[in-house]
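Please read the structure below before turning to the comments.
What follows is calculated from the coordinates using simple rules that are stated; it is not laboratory data. Nothing here was measured: the structure is a model prediction, and the numbers come from that model. All Cβ positions, even for glycine, are placed from backbone atoms using ideal geometry, and neighbour counts span all protein chains on display.
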Amino acid sequence: MAQDEVFGGSGTNPYLLEGGSLQSLLTQLAGGGTEGEKRALAAIAGAQALSPATEKVDPAQLAIRFFSQMGANAAKPGSTALSAAAEALPTAADYLAQVNKRNRELERARGPLAVQLATALKPPTTGTTTLKSVILVWSFFYLVVAGIAILIIADYKELLDISATKTALLMALLGISTGIGDYVAGRISGHRVRPALIPLGAIGTTIPFLLLGLIPNSFIAVTALLAAGGFMAGFVMVPLQTMVQQLAGEEKRGQILGLWNCLSFVGIIFGNFLFIGLKQIGVQSNRIFIVCAVLTALLLIAYQFRLKDQFTEAVRD
């Protein structure tokens with residue numbers, strides 16, 4: 001296509017590859033960012049190399065066509081040199097139009113080819129790698145909630161000087177609020193997997209856990225904060241659960257779910273050992289909630305800077 005051909009009020013050429021409107025699309029298809037832009041330029045270069053070169057106007061061919069037609073016109077009775085030349089101009093114009101048409105077709109063919117190349121150059125987001133990351137995040141989060149937090153609650157019997165019944169109610173409250181959080185997160189997700197709920201849940205558990213480790217012991221405050229933390233934990237757990245089920249292939253789903261359950265208990269065991277170790281060095285039980293807050297904050301940071309794009313891309317595919 002001729003470089004100066006434009007369309008619409010914006011004055012853009014949609015078929016122009018490098019520097020044109022297609023380049024931004026190719027960048028996104030190639031993975032986005034600086035690396036995506038480099039891969040887009042490589043796709044453009046590849047499309048141009050694999051396509052025939054655009055045809056240039058041949059002055060000799062143009063002259064031959066013009067003067068041949070002019071000669072034929074001059075041979076007609078009553079023709080003058082001026083009229084013969086004027087009548088020969090459409091022949092030259094037809095030649096130029098044919099060259100431009102062929103070049104437009106070449107440019108149009110390069111666009112789809114560049115799209116295919118950009119898509120092929122995009123680094124694959126392997127389902128196996130993402131699945132491993134999801135399971136590890138689940139195990140880590142289970143370490144915090146089921147491995148440490150639940151043991152801290154058991155010590156509130158002495159910390160708050162309450163009955164065993166009230167202590168059991170606190171433990172049940174964490175489970176019930178988590179179940180409610182699971183339900184709400186599921187309703188929000190609908191028929192889609194929404195990894196964007198994970199950072200929301202991580203923030204929603206970090207803040208209550210931090211406050212539980214800092215505020216004076218109070219049954220009402222502990223009850224409210226445990227309920228809040230448990231509820232927001234559901235926003236982390238539901239996306240992770242649904243991602244495991246979606247990313248696990250049919251042929252290995254049973255094996256993957258078995259590994260998932262196994263690593264859940266591994267997380268609990270490591271959490272138990274961490275809790276015992278902190279108690280052994282003299283850390284008060286409720287202060288261990290600060291450690292829980294630090295761990296969930298680390299999960300949030302890891303998601304935002306390492307896992308967000310990977311998770312989002314995996315469920316989009």
> Hey, rough spin-label estimate for residue 294 and residue 105, points 7 angstrom out along Cα→Cβ, what's it come to in nanometres?
Replying inline: 7.0 nm
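If R0 is 41 Å, what FRET efficiency do you get for residue 42 and residue 87 from their C-beta distance, rounded to 0.05?
Working: r = 50 Å, r/R0 = 1.21.
Rounded to the nearest 0.05, the efficiency is 0.25.
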>> Could you give the length gained by full extension between residue 215 and residue 301, i.e. 0.36 nm per residue of separation minus their alpha carbon distance, to one decimal place?
In response: 28.5 nm
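Tell me, what does the Kirkwood hydrodynamic radius of the stretch 174-317 come to in angstroms if you use every pair of distinct C-alpha atoms?
Details: mean 1/r = 0.0609 Å⁻¹.
After inverting the mean inverse Cα-Cα distance, the result is 16.4 Å.
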>> Run the numbers for residue 224 and residue 191: contour at 0.36 nm per residue of separation, minus the present Cα-Cα distance, in nm.
In response: 8.8 nm
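Going by how many other beta carbons lie within 10 Å of each one, how would you line up 171, 237, fewest first?
On the way: 171 17, 237 20.
The order, fewest Cβ neighbours first, is 171, 237.
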> Quick one: what does P(r) look like for the stretch 142-259 with 5 Å bins over all Cα pairs, in whole %?
Replying inline: 2, 12, 20, 20, 16, 12, 8, 6, 3, 1, 0
>> From the phi angles alone, apply the Karplus equation (6.51, -1.76, 1.60; θ = phi - 60°) to the stretch 215-224 and give each ³J(HN,Hα) in whole Hz, x where the residue is Gly or Pro.
In response: 6, x, 5, 8, 4, 5, 5, 4, 4, 5
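Set the Förster distance to 22 Å, then compute FRET efficiency between residue 313 and residue 34 from the Cβ-Cβ distance, nearest 0.05. Present the calculation step by step, with values, prior to reporting the outcome.
On the way: r = 17 Å, r/R0 = 0.78.
It comes out at approximately 0.80.
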